[in-house]
Amino acid sequence: MLLSKLPDVGVSIFTQMTLLAQETGAINLAQGFPDYDPPQVLLEALARHALTAGHHQYAPMPGLPRLREAIAAQVARRHADAPVPDPATEITLTAGATEALYGVLAAVVRPGDEVVVFEPAYDLYGPAIRLQGGVPRYVRLPAPHFRPDWDAVRRVVSPRTRLVIVNTPHNPSGAVFTADDWQELARLLDGTDALLLSDEVYEHLVFDDAPRMSARQHPALRERSFVLSSFGKTYHATGWKVGYCVAPPALSAELRRVHQFLTFAVSTPTQHALADTLEQDPTDAHARDLAPFYQAKRDDFRRLLTAAGWTDLLPVPGGYFQLARYAGFSAAGDLEFAQYLAREKGVAVVPVSAFYHDGFDEGLIRFCFAKEATTLEAAAARLR
Ligand SMILES: Cc1ncc(COP(=O)(O)O)c(C=O)c1O
């Protein structure tokens, strides 16, 4: 008899809601992916490298050197106050940030090790920790701002803490760590052996001119941090599954030990296409345009929802999700309400309880607004 290692884990809510959207014809604002294409320059580069340049064989295990160099240059411009990461020893390409997350957990978490996870949390963290025999120690982020209560964090950090996972900008709430948050975290980890996994896949999506800061920009945190980014998010290409991890050489070496047996390397033509695109954009115009692009979508979507009678919208300082409270419409649980919206109103969303290991439900649903204006307008019309 096969005993499941994750008996309580089923098909993720994102997949479930996408299937429900397909089944019912609902507009899919559930799963986090854009309904517009990556930039033309990137598509043409991929066509070139896939069709004519003959890049069909394995890339080097840590990633193409030219892509790692282009990433190092871009990261150096973005984190001007931090040392330039060494492309040879500090940058590793992975199959999406997903592989980097799993790889880091597999590399550093031993049975019995504790990992601090803020909830609501991206659905991979808990199960991937448990697969290593690790023990997630959950800390709840309070709505509506979802900022860490550092006293609560202090209560779960102990000599058994191997790793702390942070996600900023945060999925699903969009909360963004401030300099004070990083400082609190640094103070908390000072004198411990705990490492930091900083999931920064929405790093460019910080709105309202708020300062944005990476774990790499805090000297005491940098030396213990794996910092993750995702080209899927940055280039509207979630299906390409390319991400990367920046970490000091000793930490990168441990991630690579796992990466070489997990996927070994990332798609070669895709890496060349990304390298071309980064090299041709020395001022990071694409990345810098992302915040105003998504901020405009956020503002339009909030206006549309408000006009449709959805007035209890939570603040969205970053990312590409809008949380809404639906108590004014229904007393149902959030999963039931999400199913009702898909079936009866024709809009698929994600119930926020799916982001809690214990199904904590405070009557919130998540909309993804990384969609064309026409999609958002059609969804709001159905939600009226
Ligand atoms: C917080 C967070 N981390 C990681 C990922 C995975 O990134 P990728 O698609 O690059 O694997 C996602 C994707 O939705 C995410 O929201």
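The values are calculated or read from the model by the stated rules, or taken from the named source; none is laboratory data. Keep in mind that what you see is a predicted model, and the values were worked out from it rather than measured. We place every Cβ from the backbone using ideal geometry, glycine too, and count neighbours over all the protein chains shown.
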Please list, ordered by first then second residue, the pairs with beta carbon atoms under 8 Å, 6 or more apart or interchain, first in the range 327-349 and under 14 Å from Ala381 (Cα atoms), second among the aromatic types (Phe, Trp, Tyr) and in a loop (DSSP other than H, G, I, E, B). none
Based on what the data block shows, is Thr234 out of contact with any strand residue (DSSP E or B) (no Cβ under 7 Å at 6 or more places or on another chain) and within 13 Å of the ligand (Cβ to nearest atom)? yes
Give Arg302, Arg298 a once-over and let me know the one that is free of Cβ contacts under 8 Å to residues at least 60 places away in the same chain and either in a helix (DSSP H, G or I) or touching a His at 6+ places or on another chain (Cβ under 9 Å) (or both). Arg302
Suppose we filter Val157, Val201 for residues that are touching a strand residue (DSSP E or B) at 6+ places or on another chain (Cβ under 7 Å), among the aliphatic types (A, V, I, L, M), assigned by TED's automatic domain parsing to the domain that holds Gly103 and within 15 Å of the ligand (Cβ to nearest atom); which single one remains? Val201
Working carefully through the options Pro87, Pro83, Pro62, find the one that is more than 16 Å from the ligand (Cβ to nearest atom), outside the structural domain of Ala338 (by TED's automatic domain parsing) and buried (at least 23 other Cβ atoms within 10 Å of the Cβ). Pro62
Write out, first by first residue and then by second, each pair whose Cβ atoms fall under 7 Å of each other, whose residues are 6+ apart or on separate chains, and whose first residue, in the range 357-384, is on the phi < 0 side of the Ramachandran plot and in a loop (DSSP other than H, G, I, E, B) while the second is surrounded by 14 or more Cβ atoms within 10 Å (Cβ to Cβ) and aliphatic (A, V, I, L, M). Glu362/Ala143; Phe369/Leu376; Lys371/Leu29; Arg384/Ala308
When residues of the range 238-270 are filtered for being part of a helix (DSSP H, G or I), within 14 Å of the ligand (Cβ to nearest atom) and either assigned by TED's automatic domain parsing to the domain that holds Lys371 or among the polar types (S, T, N, Q) (or both), how many remain? 2
Just give me the residues in the range 114-132 being crowded, with 21+ Cβ neighbours inside 10 Å and of a type in the set (Asp, Glu), in sequence order. Glu114
Could you list, in sequence order, the residues of the range 90-127 that are among the charged types (D, E, K, R), in contact with a Lys or Arg (Cβ under 8 Å, 6 or more places away or on another chain) and more than 16 Å from the ligand (Cβ to nearest atom)? Arg110, Asp113, Glu114
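Here's the yes/no breakdown for (1) within 16 Å of the ligand (Cβ to nearest atom); (2) of a type outside the set (Ser, Thr, Tyr):
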residue	(1), (2)
Leu163	yes, yes
Val166	yes, yes
Asp181	no, yes
Thr192	no, no
Leu196	yes, yes
Leu205	yes, yes
Asp208	no, yes
